[in-house]
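One structure is given below, encoded as structure tokens.
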Ligand code: ARG
């Protein structure tokens, strides 16, 4: 039975009910709805609506229901109830009879759903925070394992300068750490309880909303009842954080797909995260990574979808807002799955060290070094840049790397070039020279790994 039958003389059309009912997805709030209801029953005692005895009976029944829900979290999906709030009330009445009908005094589903939503999001933030840490840990440990592997760094997908695989891993640690910090920022802003805001104008009972908020583990109570029931910007924020993070995961996936390609052949992905082709027996496809890259689209889509839903809504609550949930559930679940997959891919990764080094040596990734060398010999950088450009053309014509040219061949481009040039053209030198903060110098990278390990509790 619906919660609002009194004013109606006709039953709802079945097709309307299907569109309107939200239990099939908001069942996820069962726990939050029950916990919120227990807190509400205590608040009702404080304003004299319930006796201690009545409250005890209600909370006993609600706790019983909580246990049932924990044992079978999806058990209510097919129940005949409009939404999770109706279902909880229905179950309560089944357990304690008419007393259960008192619980909704002074409360509306509008402040109730807003409260459930925030409580649910808080629990998600904690879990996602852990997954973000876990992925960073996997990256740092991989960086440590492959600290000495030199590979080409790219700009425009052209070999640019040599880097190490560890330095590449640590770049993603930085991005994921910022995602984590954005997640904490979002929580700090939405950690306030809307309960006691009523349908829109505030509850008519003299509730201590701060105390109620503390009961529920919130930092405090929201300040304006209209805002409390009408706002979903915290969902937009969470979806934004998820979208940004999925963008990072997608770029990570794209890098790895390229590293794993036959053309690059820097890494080999494990059989555990790849799949075969039904036609081509030789294939081992990087599906896990492609799905991470692909799924970033639907998370960003959920964010865009909610923007569209919210942008024209008048204050306060409108049923449009029920549309905040499915996108959110899907986006956070997808993000969580992809974070786990991104870490899993690293677990059994195999680096082709020799091939990485060979690629770093090819492609004139040390051309900048030669220019810097000429600068040291007193040639202005712009001129040095031009000379090296010519040297690269010359080397390409000979099919040789810069360091493979003889001294005489090098001297054609500048008589400032001496025997000591070969030292600076080595990969080692390219790396070592970049010792300013954030650079690829191996000692600096080792230090960065140490710091990251400490921060991540490794
Ligand atoms: N299922 C609803 C939602 O998700 C709960 C709030 C219903 N409020 C109302 N006034 N009909 O938004």
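Every read-out reported here was derived from the displayed coordinates using simple, explicitly stated rules and does not represent laboratory data. Here the structure is a predicted model, which means the values were calculated and not measured. Cβ sites come from the backbone with ideal geometry, for glycine too, and all protein chains shown count toward neighbours.
Here are a few things to note about the model shown:
- Spatial offset of the range 42-94 relative to the range 284-315 amounts to 35 Å, using the alpha carbon center of each.
- On a per residue basis, the convex hull of the C-alpha atoms belonging to the chain measures out at 201 Å³.
- Ranked by how many other Cβ atoms sit within 10 Å of their own Cβ, fewest first, the residues 140, 49, 125 fall in the order 49, 125, 140.
- Degrees, to the nearest 10: 367-376 long Cα axis against longest axis of the chain: 60
- Cα pair distances of the range 1-145 binned at 10 Å [whole percent]: 10, 34, 30, 14, 7, 4, 1, 0
- When you restrict to C-alpha pairs under 8 Å that are six or more residues apart and normalise by the size of the range 1-157, the relative contact order lands at 29 percent.
- Rg/Rh for the range 105-245, where both radii come from Cα atoms and Rh is the Kirkwood radius: 1.22
- Approximating the spin labels as points 7 Å out from Cα along Cα→Cβ, the residue 362-to-residue 320 distance works out to 5.6 nm.
- Cα gyration tensor shape of the range 272-384, rounded if a/c is under 1.5, else prolate or oblate by comparing a/b with b/c: oblate
- For the range 208-288, alpha-carbon Rg over 2.2 N^0.38 Å: 2.01
- Net length gained if the chain between residue 51 and residue 155 were fully extended (0.36 nm per residue, minus Cα distance): 30.4 nm
- With the cut-off at under 16 Å, measuring from each backbone N in the range 133-173 to a point 7 Å along the Cα-to-Cβ line of residue 258 picks out 151-172.
- Based on the Kirkwood approach, the hydrodynamic radius assigned to the range 287-350 is 13.4 Å, with every pair of different Cα atoms included.
- P(r), alpha carbons of the range 55-119 - 10 Å bins starting at zero, rounded %: 19, 53, 27, 0
- In degrees, nearest ten, helix 84-96 long axis to first principal axis of the chain (Cα): 40
- Computed from the Cβ-Cβ distance with R0 of 41 Å, the FRET efficiency linking residue 396 to residue 268 stands at 0.85.
- Taken along its principal axes, the alpha carbon cloud of the range 305-458 reaches lengths of 79, 40, 30 Å, longest axis first.
- Overall form of the range 91-152 per C-alpha gyration tensor (a/c, 1.5; a/b vs b/c): prolate
- Rounded to 10°, Cα long-axis angle of helix 165-190 versus longest principal axis of the chain: 20
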